[in-house]
Amino acid sequence: MCDTCTDKIHPKFKLAETHSIIALKDIGTPIVCALKPKRVPCRIHDNQTYCIFCQSCNQLVCPICLSQSHQKHQFLQLEEILKKKIEQIKTFDAQIEYFILPFYQKESEKIEKYFIDITEHFKDIRNRIITQEEQLVAEIRTQKLAMIEELEERMALVDNFITEKRFDIENIIENSSVKRECLSDILRNARDVELSHETMKETEKWLSTVNNDAQIRMEEFPRLPSFEFATIKNETISKLFGCLQCGEQMSTKIEKSLSVGISRISKLCVNSTGNEFWLISGYSFETRKYDIHTDLKLLQKVQDKKEYNIYDMAPTVNGDLFFTIIELDCNMHIATKDGIQHFRSFSPLFPRAVHISTKGDIYVSLRDNGPIFKTNDKGARKIVIVNNDKIEIKRFGHKKLLTDVTRIKSDKNNCVYLIDIISKKINGRIIAMSPDGLTKWIYEGKTDTDSFTPSDLVVTNLGKIDSVRRAQLIASYN
């Protein structure tokens, strides 16, 4: 339409007030038009339509409602509240698309990976039993059949457990898709304020309950026993044949579980005294510090005009936090009670992993601005130690040893342990170094398994390492 038609002709049509007019340049773009709210009848008063939104009561009101029970309340125009609700619905839709669905799809992959591994383990144990049976006389076949039956019963329990977990995950994925279709329908017909408001409340309630539902904890999965060979002597048949034995498992228990009001925690680190910890939210740039011994009392939030997307962090004894950011930045930052400051520049190199030893030395991994997995001859990938405002460069092995050091840890003997990512597929290794920078050992995963992709590690008080790998926990290594 031309301007004259828009201003004088089009308004005369009977349904003109239900139309939305946009500029030609905005056709085909996801622009939010200035929508006129649909007139919705009041549920309380006949022949009345909602005219305004009461913020104090969080509900739509008509003129009679307004005069009778909403005096001195805070209000919003219907156009304004409609626009807000549409933006909230879009936010919920994006949260489902980019976080809820991918998260539970990965949880589903964990189940499938576990099922494949434990099925192979089942086949291996069963073959060992059959091999042992072939070496014995016919009189012990009864014992063999009993043990096979027991093993299959245990595997049946595993199958039932996995089936239940699969159902939980598939149910959440299906519900997520249904929610998205509902939200899409609302966005296509976004003029119904009441429907938008009710859908927003229902979706918000659902999202608040779905984040932790059916989260896969591999330690809860049942385990199959191993098969122990027995030396063939003049002993009982059961001792001759062998028996099923469950492997020794680490005994753990949850001492305390408290909510911190964050839907996903992407990183957590505890200070050396063990009384405070910092955590990073996976859905925002928010970083918090809590007191462990006071039911997780919130001590500090990292707040600044700039949003910091933290890559790695290390708490100090006095409660401060050193951190590096994901974006390539030559500066390392420190968060104190007074705010966030630049701690030190490492220009022209970029700090990545950061760690504070028990002695107070600050270990920082540095890399250049070139391709990550193509190191140059100048050895730009290095570890530096910052102490008393001095920088000491530690050369670990030869100058081309390090590729992309993502985590640093140390033990009570000042030995250093690094996670070094060496390929685009996040394949990595753990490098152990002596205090003088000499290589002690390099662990690259088991040769009979798929790629080794460590994402974080912890050095225990006994000097052992627990390495966290995607979809499974790597055992401790001396």
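The values are calculated or read from the model by the stated rules, or taken from the named source; none is laboratory data. These figures come from a predicted structure and were not determined experimentally. Cβ: placed from backbone, ideal geometry, glycine included. Neighbour counts: every protein chain shown. Just so you know, the surface numbers come from the protein's heavy atoms only, side chains and all, with ligands and any DNA or RNA stripped out. Shrake-Rupley method; radii C 1.70, N 1.55, O 1.52, S 1.80 Å.
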For Thr316, put the label point 7 Å out on the Cα→Cβ axis and report which residues of segment 332-356 keep their amide N under 19 Å from it.
332-346, 351-356
If you average the sequence gap of Cα pairs under 8 Å that are 6 or more apart and divide by the length of segment 1-150, what percent do you get for the contact order?
11 percent
Give the span of segment 55-107's Cα atoms along each principal axis, as three whole-Å numbers ordered largest to smallest.
53, 19, 14
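At a temperature of 25 °C and a viscosity of 0.890 mPa s, determine how fast segment 58-161 diffuses translationally according to Stokes-Einstein, using the Kirkwood radius over alpha-carbon pairs as Rh; express D in µm²/s, rounded to the nearest whole number.
122 µm²/s
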How much of the accessible area of segment 305-361, in percent, comes from carbon and sulfur atoms when a 1.4 Å probe is used?
49 percent
Accessible-area order (highest first, 1.4 angstrom probe) of the listed residues Glu204, Glu286
Glu204, Glu286
Given a 1.4 angstrom probe, I'd like the percentage of the accessible area of segment 15-138 that is carbon and sulfur, rounded to a whole number.
53 percent
Order of 65-73, 48-56, 415-423 by packing, highest average Cβ count within 10 Å first?
415-423, 48-56, 65-73
